[in-house]
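Quick note: the coordinates plus some simple rules give every number you see, no bench work behind them. Note that the structure is predicted; figures quoted are calculated from it, not measured. Cβ sites come from the backbone with ideal geometry, for glycine too, and all protein chains shown count toward neighbours.
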């Protein structure tokens with residue numbers, strides 16, 4: 001018990017003292033995950049809208065596929081990318097293995113089906129009268145789509161938050177394609193795994209606190225925004 005208490009105190013000290021090693025790891029983690037979520041958000045929302053409001057053959061099959069992809073383990077995505085990007089792989093000439101770019105690609109693959117599936121559910125549950133009214137008033141399809149998305153914005157934002165929360169905390173894919181290289185590809189989850197295996201719990205606890213604080217801030221922001229909208 002005393003060891004846990006001391007490790008927690010040391011973790012707080014590392015955060016308060018702005019330990020350069022800790023904040024470098026945090027910076028890499030946020031940089032990679034933010035890039036991934038920014039890149040996949042526009043196409044994910046577009047596809048989710050088409051699946052919710054479109055009428056074409058294979059639509060239900062696509063919805064099922066995206067929901068199935070939610071269960072794909074991060075380590076499987078990492079293994080697939082590793083094979084593709086390794087020296088003898090079909091994309092080996094790109095020399096992306098063990099780089100932040102490879103980590104971004106892996107996290108994009110993980111986040112994409114999450115945003116599509118959750119955004120599709122949010123858009124499908126929105127009132128279709130909004131779409132019909134916008135079209136009746138002469139709005140272009142693009143303008144009508146934006147109107148529908150604005151009305152479902154909290155559900156869409158929740159989808160983005162859920163995807164971001166998953167990829168910033170995943171370890172399997174980042175470890176396999178990033179290599180956990182110090183000052184280069186070591187992010188929060190891979191650092192926690194490494195430090196814990198070494199018995200150095202202070203840094204792991206400090207980084208774990210960062211993830212918990214991030215989750216709390218995102219959920220408080222979403223809840224506060226929804227409350228203000230409903231109270232207006």
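Here, region 22-231 yields an orientationally averaged convex hull projection of 14.1 nm² when only Cα atoms define the hull.
Relative contact order, whole percent, for the chain stands at 30, derived from Cα pairs under 8 Å and 6 or more residues apart.
Once the C-beta distance of residue 130 and residue 80 is scaled by a Förster radius of 35 Å, the resulting FRET efficiency is 0.35 to the nearest 0.05. For the pair residue 71 and residue 19, label points projected 7 Å from Cα toward Cβ lie 4.0 nm apart. Put in order of Cβ neighbour count within 10 Å, fewest first, the listed residues 93, 19 become 93, 19.
Between helix 2-16 and the chain there is an angle of about 70 degrees, using the helix long axis and the longest principal axis of the Cα atoms.
Modelled spin-label separation between residue 30 and residue 222, with each label point placed 7 Å from Cα along the Cα-to-Cβ direction: 1.9 nm.
Neighbour counts of C-beta atoms inside 10 Å place 120, 183, 67 in the sequence 183, 67, 120, starting with the fewest.
Secondary-structure-derived ellipticity at 222 nm for the chain, considering helices only, amounts to -26000 deg cm²/dmol, per-run term -39500 (n - 2.57) for DSSP H runs with n ≥ 4. For the chain, the longest principal axis of the alpha carbon atoms and the long axis of helix 100-124 meet at an angle near 40°.
Rounded to the nearest 10 degrees, the inclination of helix 188-197 to the longest alpha-carbon principal axis of the chain is 30 degrees.
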